1. In region 276-303, how many residues are of a type in the set (A, V, I, L, M) and either surrounded by fewer than 16 Cβ atoms within 10 Å (Cβ to Cβ) or closer than 23 Å to ARG191 by Cα (or both)?
2. Of everything in region 184-200, what is out of contact with any Gly (no Cβ under 6 Å at 6 or more places or on another chain) and of a type in the set (S, T, N, Q)? Give them in sequence order.
3. Look through ASP95, ASP76 and report the one residue that is over 18 Å from ALA126 (Cα atoms), among the acidic types (Asp, Glu), modelled with pLDDT under 90 and out of contact with any helix residue (DSSP H, G or I) (no Cβ under 6 Å at 6 or more places or on another chain).
4. Does VAL71 qualify as being closer than 27 Å to ILE179 by Cβ, of a type outside the set (Ser, Thr, Tyr) and at pLDDT 80 or above?
5. Do we have CYS88 as assigned to a loop (DSSP other than H, G, I, E, B), assigned by TED's automatic domain parsing to the domain that holds SER26 and either within 16 Å of ligand 1 (Cβ to nearest atom) or modelled with pLDDT of 80 or more (or both) here?
6. What residue, among those in region 65-114 that are more than 16 Å from ligand 2 (Cβ to nearest atom) and among the hydroxyl-bearing types (Ser, Thr, Tyr), is nearest to LEU15 (Cα to Cα)?
7. For PHE266, which of the numbered conditions (1) under 23 Å from the mean Cα position of the chain (by Cα); (2) in a helix (DSSP H, G or I) fails to hold?
8. Report, by residue number, each residue of region 227-258 that is of a type in the set (S, T, N, Q), within 22 Å of ILE305 (Cβ to Cβ) and either surrounded by fewer than 19 Cβ atoms within 10 Å (Cβ to Cβ) or under 17 Å from the mean Cα position of the chain (by Cα) (or both).
Amino acid sequence: MPEFGEQIPIGGGRLEFIRDPQRGISTRISGTGETFRAIYQLAVRQDGEILGAVPVGGLRTAPPPPPPLTVFIQSDLQGMWGRRCPSCGSYFRTDHILGPTYCPYCSVVNDDMTFVTDAQKRYAKAFVDAALTAFHGTENVSIDLTNVTDATLEWQYSEEQQQFHFKCVDQSCYAETDILGEYGWCPRCGRSNARRVIETRLKANEEKLERTDREVTDRHLRGAEWELINNVAFSTFEPLGNHLRTRLMLFPATAKRRNDLANLSFQRIVSSVDALERWFDIDVLGDMEESERRFVNLMMQRRHIVTHNAGRVDQDYLDRSGDSSCRLNQRIRIRSAEAKRLLPLVRKMCANLLSGFEAIT
Ligand SMILES: [Zn+2]
Ligand SMILES: [Zn+2]
């Protein structure tokens, strides 16, 4: 997975330690223009070891002497900082920097200090070294931030287009986060952003169906669109399942169960749905009649045959789908009525999956 870069604003900035006979040494960051919005403070020992973040109002308990220095880390223009998860090693950006932090990818919670990136550690060390030079010397000290921050790729942002921004929907949280991919856990409260993401995806497919029905008249073109819509319908379910699995993996379980869960394929809807009900009491097909369940299976088998056999019926399809309307080697067609019937059922399945997951406490 490509990394996206550390976006700490540094262009042409200078960090200065200015000696003043009356007031001691003061710090100034200059020349960065309007490139950052906020700072957060780290207490850093003289050897560069980071002791902790300094909350508003200062540290509650004084660390052992010598007193640590306070290092300022600038945010990006969105007021966010880079973080690296100590559990899975993945990188993200967020405005949640103080207190326990959930990884948006693996959902494991750790102390905020363990998320400090290598680049931030290097910066803190350079900051402390410069401050000590100013303290022990007789001159002002000024360092070009480019020199301490620009040396590695981590500091450049090259994969910007792959970043997905989300704001937590919880009224008392509202943490903001940038991740790769769409599904994520809020770093502050640990809630999933899945409801909003799945709604966007389902809606896009439903709108595509309406648009095709309204605007496309050519029979072949319409047929190709129904196949595409059928395909997308099923591929919305899989990433949602994969995302929720990251949290389910953290529940107490036997080694075998955890292994089975890790290997569960949400592409095979029938077997994954069955496992979710047995293991977690999540009823994905809840409120669906037997005929609707059979229909979902039929459409899923058609998706499979369209994707893997150019739409030509094989024996496996006949065995699994129970479709008596076509023969071996016939080219199957998906009709508009079938696509229209399927989408609300897929919407229901996604809603059931989410509700079932959220009901686990
Ligand atoms: Zn992680
Ligand atoms: Zn939150």
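The values are calculated or read from the model by the stated rules, or taken from the named source; none is laboratory data. These figures come from a predicted structure and were not determined experimentally. Backbone-built Cβ (ideal geometry, glycine too); neighbour counts: all protein chains shown.
1. 3
2. Going through region 184-200, the residues out of contact with any Gly (no Cβ under 6 Å at 6 or more places or on another chain) turn out to be 184-192, 194-200.
SER192, THR200, listed by residue number.
3. Numbers: ASP95 fails: modelled with pLDDT under 90.
ASP76 is the lone residue from the list that is over 18 Å from ALA126 (Cα atoms), among the acidic types (Asp, Glu), modelled with pLDDT under 90 and out of contact with any helix residue (DSSP H, G or I) (no Cβ under 6 Å at 6 or more places or on another chain).
4. On the way: closer than 27 Å to ILE179 by Cβ: yes; of a type outside the set (Ser, Thr, Tyr): yes; at pLDDT 80 or above: yes.
Spelling it out, VAL71 is indeed closer than 27 Å to ILE179 by Cβ, of a type outside the set (Ser, Thr, Tyr) and at pLDDT 80 or above.
5. On the way: assigned to a loop (DSSP other than H, G, I, E, B): yes; assigned by TED's automatic domain parsing to the domain that holds SER26: yes; either within 16 Å of ligand 1 (Cβ to nearest atom) or modelled with pLDDT of 80 or more (or both): yes.
Taking the combined requirement at face value, the residue satisfies it.
6. Per the criteria, the residue is THR70.
7. (2)
8. ASN231, SER235, THR236
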